[in-house]
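Novice: There's a structure below that I have some questions on.
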Amino acid sequence: MVKATTCIVHLRVNGDDYAPGVPSHYTLLETLRYVIGLTGSKQGCDKGDCGACTVILDGEPHLSCITPVLAAEGREIRTVEGLAGAGRPHPLQDAFDLNGAAQCGFCTPGILCSAVALLERNDAPTRTEIREALAGNLCRCTGYTKIYDAVESAAEVLRGQSGGGTGNGE
Amino acid sequence: MLRLPPFRYHRPRTIDEAVGLLDRWGSRALPVSGGTDLIPNMKHRLFTPDHLIALKQIPDMRGFRRDGSALVIGGAETLASVARHPEVRRRFPSLAAAAGQVAGPQLRNMGTLGGNICLDTRCTYYNQTEFWRDALGYCLKKDGDVCHVTRVGKKCVAAHSADTPPVLMTLGATIELAGPEGRRDVGLNDFFLADGIWNSRRKPGEIVTRVRIPFPSRDSRAAYTKLRQRRSIDFPLLSVAVSADFQRSGRVCQIMGVVTALGARPRLLTGWARIALGRPLSNEVIEALAERAHRQCHPLENAIVDADWRRAMVPVQVRLALEALRPSAASAS
C-alpha cells in the first residue's frame, strides 16, 4: 500500500475559496468536516447509502462521503451552511421549522441540499417529484410526510418571492 | 466512520492518457468513474489500489451522438443524464427506465453508464467491512478459500447486480473497450462470464469508452422490471429485461429476455423463440414464457432475502415485463 501524501486542494465552497493541505485519499466530506470545519454535512453510513452527507456539486446533489476530495476540485460546492441568505434562513429552512420537518435533525442537512437543488430547477414540484428527489435521503424519525409538506410550502413561498405565482401545486 | 486506504489520484485529460497511466501502474492502479461502487468497496478494503485513474473529466468519454443507425453514449455519461436524455427516452425507454432506477438520485448524478456495465458482483458475504469479513472468515472472492453461499463450491457465485446491462443486452448494444493493446468492440451479449470473481471479458487496465445502441425497428418494444426491497437506493434482488419485434398483425417475430441479479452474469433466457414466434403476445404465451423462465432460474442465498422467494418472483417479474410490451402498455413505459 502506498504511503499517504498531502496535497493542496483548491475548493470553492459556498462561494468561498479554500486551499487547504489534505491527505490525497480524503473524501470531500472528511475535508469539509475535519479540515475546513464545516460540520453541517453529516457522516452517517459513510458508504453512500443514507444521504446524510449530501452536498450540491454544480447544482446537482452528490454524496460527499464517497467523493474523493480531488474529484471536487474546480467545482461549485454548496453545503447546508451556504443555503441561508444574509441575515435570514432559506425559505426551505423556515418551512422545516414551521412544519416540524426536523426531529433528531441528523438527516436534515442532506435533505435540505437535495430539496434546494430540486426547487432551483423546478419551482412547482408535484408531491411525486418531491418524493423522487428525496428518494436518496433516509430519515428514521419523521416518516417523511412533514418533510414533503415543508418542501411544498417552501416552493409556494419561493414562487411568491420571485413574483411568479406560476404553478398552483395541484 | 469508514476511512479510505491511501491512494494517489490522477486526472488524465484524454482516453490515451488514462490507458497509459493504467498500463504504467498495472495491478497497482484502478480506473474510477463515478466511484459509487469502487469507493465504498475501497472503504471495505475489497480493493486497495495505490493509484486511482479518474475518467469522468475526460471530454471524450462524455456525450450522446447519433452515428448512422445507432446512438452512441460516452462511457462516463452519468446515469441521471442517460435517464433523462430525450432521445434515450424516446427510442430506448427501457434503458431510460433502468438507468432511472439505479440506486437513488445522488448516486445517479455520480454513477456512470460505463461504471454500471463494469459494476463489481455483489454478495452478502463480500460487501461487508473488513472487520465483518475477518470475523466470519474470508471468502473465495476476497482473501479466502471457501464460499459461504454454497459451502462446498470452488466457484464464486456473487451476483451481477447492475440495472443497465440486461437492458443493453436486449437492445443489442456493443461497447468499446480501450486498453494498452488498442481499442476493440464487444457485443454486450458476449461480454459477461459466469465467474463472480471477475465476471466479464474486460481485461484489467481496459476501460469502457462508449456504448453503441442500434436504433430499433419501428415495431420493436422493450421493457425492464426490477425487484427490490425499497423503491429506491437498493440494488436489484432480481430484474428482468425483455424486448420483442412485432409484425403489423401483432405477431411476435423476435423475442429476447434477460434475467439478472441471481448469478454472476445476466442470464439470457432460452427457448423463448419456440414458444412465442409467429404468435401474438397473448396471456397464454406470456404464461408459457414465464413458466419457462421459472424452470431456468435457480437463485442462491447470495442476497439478503430468501432464495425460494426470489425464485417464486421470477415468473411474476417476467410476466410484468412482458405485459409492458403489449401495444396498450407502450405509452406507460
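Novice: What does the charge count around B:CYS156 come to, taking other residues whose C-beta lies under 15 Å from its C-beta (Lys +1, Arg +1, Asp -1, Glu -1)?
Specialist: +3
Novice: Mind checking the mean number of beta-carbon atoms from other chains within 10 Å of the Cβ atoms in A:132-144?
Specialist: 3
Novice: Hey, what's the per residue convex hull volume over the C-alpha atoms of the stretch B:220-328, in cubic angstrom?
Specialist: Measuring per residue, one finds 97 Å³ for the Cα hull of the stretch B:220-328.
Novice: Give me a single rounded figure for A:38-49: the average over its residues of other chain Cβ atoms within 10 Å of their Cβ.
Specialist: If you average over the peptide's residues, the count of other-chain Cβ atoms is 3.
Novice: Nearest 10 degrees is fine. How inclined is helix A:108-121 to the longest principal axis of chain A, computing both from alpha carbons?
Specialist: 70 degrees
Novice: Ignoring everything except DSSP H segments at least 4 long, calculate the 222 nm mean residue ellipticity for the protein assembly as shown; use -39,500 (n - 2.57) per segment, divide by total residues, nearest 500.
Specialist: When only DSSP H runs of four or more count, the value is -8500 deg cm²/dmol.
Novice: Using a 10 Å cut-off on Cβ atoms, rank the peptides A:134-143, B:126-135 from the highest mean neighbour count down.
Specialist: Most protected by this proxy first, the peptides run A:134-143, B:126-135.
Novice: How far is helix B:15-25 tilted, in degrees, relative to the longest principal axis of the Cα atoms in chain B, given as a value from 0 to 90 rounded to the nearest 10?
Specialist: Taking Cα atoms only, the helix is inclined about 50 degrees.
Novice: Continuing with this model, one more query. Report the charge-dipole magnitude of chain A in Debye, nearest 20, computed about the Cα centre from +1 at each Lys and Arg Cβ and -1 at each Asp and Glu Cβ.
Specialist: With Lys and Arg at +1 and Asp and Glu at -1, about 420 debye.
Novice: Still on this structure, I have one more. Compute the Cα gyration tensor for the stretch B:192-235, then decide on rounded, prolate or oblate, letting a ≥ b ≥ c be the square roots of its eigenvalues: rounded whenever a/c is under 1.5, prolate when a/b is larger than b/c in the other cases, and oblate in all that remain.
Specialist: In terms of gyration-tensor shape, oblate.
Novice: Expressed in whole Å with the largest first, what are the equivalent ellipsoid semi-axes of chain B derived from the C-alpha gyration tensor as the square root of 5 times each eigenvalue?
Specialist: 33, 25, 16
Novice: No solvent, one uniform scatterer per C-alpha: report log10 I(q)/I(0) for the stretch A:91-161 via the Debye equation at q = 0.28 1/Å, two decimals.
Specialist: The Cα Debye sum returns log10 ratios of -1.47.
Novice: Just the C-alpha atoms of the stretch A:30-133: what Rg/Rh do they give, with Rh taken as the Kirkwood radius?
Specialist: Using only Cα positions, Rg/Rh for the stretch A:30-133 is 0.95.
Novice: Could you tell me the extents of the stretch B:183-273's C-alpha atoms along the three principal axes, largest first, rounded to whole Å?
Specialist: Result for the stretch B:183-273: principal-axis Cα extents of 48, 39, 26 Å.
Novice: Build a GNM of chain B with springs between Cα atoms under 10 Å: which of B:ARG62, B:ARG90, B:ARG310 gets the top mean-square fluctuation?
Specialist: B:ARG90
Novice: Name the most mobile residue of A:SER153, A:SER41, A:SER114, meaning the one with the largest mean-square fluctuation, in a Gaussian network model of chain A with Cα contacts below 10 Å.
Specialist: A:SER153
Novice: Using only the alpha-carbon atoms of the protein assembly as shown, report the extent along each of the three principal axes, biggest first, to the nearest angstrom.
Specialist: 71, 57, 47
Novice: Follow-up. Evaluated at 25 °C with a viscosity of 0.890 mPa s, what Stokes-Einstein diffusion coefficient in µm²/s does the stretch B:100-234 have when Rh comes from the Kirkwood expression over alpha-carbon pairs?
Specialist: Taking Rh from Cα pairs, D becomes 145 µm²/s.
Novice: Related question: Identify which of A:ARG12, A:ARG78, A:ARG88 has the largest mean-square fluctuation in a Gaussian network model of chain A, with springs joining Cα atoms closer than 10 Å.
Specialist: In the Gaussian network model the winner is A:ARG88.
Novice: Okay, moving on. Over all alpha-carbon pairs of the stretch A:6-80, lay out the pair-distance distribution in 10 Å bins, whole %, shortest bin first.
Specialist: 22, 61, 17
Where a number appears in this text, it was derived from the coordinates with a stated rule and is not lab data. All values reported here derive from a predicted model rather than from experimental measurement. Note that we place each Cβ from the backbone using ideal geometry, even for glycine, and neighbour counts take in every protein chain shown.
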